[in-house]
Amino acid sequence: MNEQTKDIIQNHIDNNEVCLFMKGTPDAPQCGFSMAVSNILKILEVNFKGVNVLEDQSLREGIKIYSDWPTIPQLYIKKEFVGGCDIIKEMYESGDLKKKFEEKGINFKK
């Protein structure tokens with residue numbers, strides 16, 4: 001991955017408390033897994049930044065190298081990589097995802 005791609009990824013993670021690297025956008029996901037994670041965040045009423053990896057092939061490949069995780073979507077909370085779709089679904093169903101947001105001081109919309 002080139003330095004510019006790494007900087008773009010780092011910027012998104014540093015400047016957004018909750019950042020979802022996904023295929024498509026929160027309003028128009030381009031894959032079921034991205035839609036699932038995006039919908040969970042919407043249900044929890046968490047403000048998040050959706051980063052569309054389909055707009056840039058180097059970003060799409062770079063995020064996999066950056067996180068050492070082979071799939072997209074990827075969720076970061078306060079600069080910490082939390083996981084992909086299956087992990088986020090499990091955490092949501094167990095209540096651990098909401099706890100994680102609370103521990104990190106992420107506010108839910110009232």
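Structure above, values below:
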quantity: Convex hull volume per residue for the range 17-72, taking Cα atoms only, in Å³; calculated: 78 Å³
quantity: Percent RCO, i.e. relative contact order, over the range 1-72, from Cα pairs under 8 Å lying at least 6 residues apart; calculated: 40 percent
quantity: Label-point separation, N11 to W69 (7 Å along Cα→Cβ), nm; calculated: 2.2 nm
quantity: Å³ per residue enclosed by the Cα convex hull of the range 45-110; calculated: 91 Å³
quantity: Peptides 64-76, 95-107 ordered by average Cβ neighbours within 10 Å, highest first; calculated: 64-76, 95-107
quantity: Highest to lowest packing among 36-46, 5-15, scored as the average C-beta count within 10 Å; calculated: 36-46, 5-15
quantity: Cα point-scatterer Debye curve for the range 3-103, base-10 log of I(q)/I(0) at q = 0.12, 0.17, 0.18, 0.20 Å⁻¹; calculated: -0.33, -0.68, -0.77, -0.96
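Each reported figure results from applying straightforward, stated rules to the coordinates on display, with no laboratory input. Computed from a predicted structure; not experimentally measured. Don't worry about glycine lacking a Cβ; one is built from the backbone with ideal geometry, like all the others, and counts go over all protein chains shown.
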